[in-house]
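The values are calculated or read from the model by the stated rules, or taken from the named source; none is laboratory data. The structure presented is a predicted model; accordingly, all values stated were derived computationally and were not measured. Glycine also receives a Cβ, built like all others from the backbone with ideal geometry; neighbour counts cover every protein chain displayed.
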Amino acid sequence: MAKQPHLLVGDGDVNEIALIPGDPGRVDRIAAQCENVEEVSQNREYKVVNAEYDGTPLTICSTGIGCPSAAIAIEELHNVGVEIVLRVGTTGALQEQIEIGDMVVATGAAKEEGTSKRYESATYPATPDYDVLSNLVDASEANDEDVHVGPIVSDDAFYNESDEFVADWEEAGLLCIEMEAAAVFSLARRRGMKAGAICTVDGNLVKGTQKGETEDEELPEKAKDNVERAIGIALDAVDAL
């Protein structure tokens, strides 16, 4: 099989388990917690690295921003043999009690995006694999981390999340908003893969703070620190699969 046109990987280039952050820069932050790190490819928003964590071989692959580029990553990872994908990213809280720096494990993602709807009806659920979800929760408990566990929403329009949308999502009990999980969950299910997601809160839309919109220097630093801890949880969850 020829190399995939976006990830630039072919058969045998990657491992069966992949951690998929959005930001290419986060690939290196995940790799820093691993051993035997080897860069495989880098193209556009996609950076692919192989590594080992506690003896478990894995691949780290960035997906870029949003469901369209995430779907490309899922399709191409599937084409070269990846079986498990675990999103590690950031998210905006939709509930008053969720603080910047908190972590959220998603039990499902509302489809406020267009990509998954090209594959299937919006009424079909975008949910993680049960084993991956359970391992994320178990790894959180094993690391003495309190995480919020529940449904989230994936949205396409970062700068058009109006007060009306936010109020509706809050009332529905959705914990937070990000831009990739709905497509990741939906595509993984359709391709026979297992998927999960753990995200760190870097803003609270109910309180009026989006990414980077705070004057409190300690809060962004807390979010940054907890991203590292979320990565550790994800790696421990992968190690148990």
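On the basis of being part of a strand (DSSP E or B) and under 16 Å from the mean Cα position of the chain (by Cα), does G89 make the cut? Quick ask: steps written out before the conclusion?
Details: part of a strand (DSSP E or B): yes; under 16 Å from the mean Cα position of the chain (by Cα): yes.
Considered against the rule, which asks whether it is part of a strand (DSSP E or B) and under 16 Å from the mean Cα position of the chain (by Cα), G89 comes out as yes.
Scanning segment 149-173 for residues that are under 18 Å from the mean Cα position of the chain (by Cα) and either modelled with pLDDT under 95 or surrounded by fewer than 21 Cβ atoms within 10 Å (Cβ to Cβ) (or both) gives V149, G150, P151, D156, A157, F158. When C34, C61 are checked against the criterion of being touching a Phe, Trp or Tyr at 6+ places or on another chain (Cβ under 9 Å) and either acidic (D, E) or surrounded by fewer than 21 Cβ atoms within 10 Å (Cβ to Cβ) (or both), a single residue qualifies: C34. Only one of V82, V104 is surrounded by 21 or more Cβ atoms within 10 Å (Cβ to Cβ), part of a strand (DSSP E or B) and of a type in the set (V, I, T); which? None of the others qualify; the one that does is V104.
The strands (runs of 3 or more DSSP E) located wholly in segment 1-67 that include 2 or more residues which are closer than 20 Å to T91 by Cα and modelled with pLDDT of 95 or more occupy 17-20, 56-61.
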